[in-house]
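Structure first, commentary second.
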Amino acid sequence: VQLQASGGGLVRAGGSLRLSCKASRRTFSNNGMGWFRQAPGKEREFVAGINWSGGRTYYADSVKGRFTISRDNAKNTVTLQMNSLKPEDTADHYCAAARGAVAGSGPYDYPYWGRGTLVTVSS
């Protein structure tokens, strides 16, 4: 089972990035999906989640109104559109597949993880 995240990079404050996560070897069309991030010296934190159909989305308060999570089950991909980026958004960003159809906010809800993609926002 593999989840491959991409799209990270260096951007100035106020800019945008689009992260993508593609699953291989199996489909996650019946699973909730989530994005988490971890900054140096900090715990991994929930960023956004989406249920199996894409009909419900969830966001951390810190990113509401700026980030949008979406999914394309036909392409086995999940996307995180990040706008109005702030220096405090700087972190390794990870995509993960949930155990069930709903995307929880705790890392323990997600048994499948991809490698991170680094997002750096300069002031």
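The values are calculated or read from the model by the stated rules, or taken from the named source; none is laboratory data. This structure is a prediction, so every number in the text was calculated from the model and none was measured. Using ideal geometry, Cβ is built from the backbone for each residue, glycine included, and neighbour counts are taken over all protein chains shown. For the accessible areas, the whole protein counts, side chains as well, though only heavy atoms, and no ligand, DNA or RNA atoms are used. Shrake-Rupley method; radii C 1.70, N 1.55, O 1.52, S 1.80 Å.
Can you give me the number of residues within the stretch 81-96 that are under 12 Å from the mean Cα position of the chain (by Cα) and either free of Cβ contacts under 8 Å to residues at least 40 places away in the same chain or crowded, with 17+ Cβ neighbours inside 10 Å (or both)?
7
When you go through Asp61, Asp72 one by one, which is the residue that is among the acidic types (Asp, Glu) and more than 19 Å from Thr27 (Cβ to Cβ)?
Asp61
Between Arg44, Arg56, which is of a type in the set (Lys, Arg) and within 14 Å of Ala101 (Cβ to Cβ)? I'd like the intermediate steps shown before the answer.
Working: Arg44 fails: within 14 Å of Ala101 (Cβ to Cβ).
The conditions single out Arg56.
Under 6 Å by Cβ, and 6 or more places apart or on different chains, what pairs join a residue from the stretch 97-123 that is under 23 Å from Gly55 (Cβ atoms) with one that is of a type in the set (Val, Ile, Thr) and open to solvent by less than 80 Å² (accessible area, probe 1.4 Å)?
Every condition considered, the pairs that remain are Ala103/Ile50.
Scan the stretch 25-38 for residues that are charged (D, E, K, R) and open to solvent by 30 Å² or more (accessible area, probe 1.4 Å) and jot them down.
Selection gives Arg25, Arg26.
Report the residue count in the stretch 97-116 for those that are buried (at least 20 other Cβ atoms within 10 Å of the Cβ), outside any loop (DSSP other than H, G, I, E, B) and hydroxyl-bearing (Ser, Thr, Tyr).
0
Pick from Val78, Val119, Val63: which is over 11 Å from the mean Cα position of the chain (by Cα), surrounded by 14 or more Cβ atoms within 10 Å (Cβ to Cβ) and not in a loop (DSSP other than H, G, I, E, B)? Lay out the reasoning, then the answer.
Numbers: Val78 fails: over 11 Å from the mean Cα position of the chain (by Cα); Val63 fails: not in a loop (DSSP other than H, G, I, E, B).
Only one candidate passes the filter, namely Val119.
Scanning the stretch 66-75 for residues that are open to solvent by less than 50 Å² (accessible area, probe 1.4 Å) and charged (D, E, K, R), which turns out farthest from the chain's Cα centre (by Cα)?
Filtering first and then ranking leaves Arg66.
The rows are residues; the columns are (1) at pLDDT 95 or above; (2) open to solvent by 70 Å² or more (accessible area, probe 1.4 Å); (3) more than 14 Å from Cys95 (Cα to Cα).
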{"position": "Gln2", "(1), (2), (3)": "no, yes, no"}
{"position": "Leu10", "(1), (2), (3)": "yes, yes, yes"}
{"position": "Ala13", "(1), (2), (3)": "yes, no, yes"}
{"position": "Ala23", "(1), (2), (3)": "no, no, no"}
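For Gly41, work out the one condition from (1) among the small types (Gly, Ala, Ser); (2) surrounded by fewer than 19 Cβ atoms within 10 Å (Cβ to Cβ); (3) in contact (Cβ under 8 Å) with a residue 12 or more places away in the chain it doesn't fulfil.
(3)
Out of the stretch 1-41, which residues are of a type in the set (A, V, I, L, M, F, W, C), assigned to a strand (DSSP E or B) and closer than 24 Å to Ser84 by Cβ?
The answer is Ala5, Leu10, Val11, Leu17, Leu19, Cys21, Met33, Trp35, Phe36.
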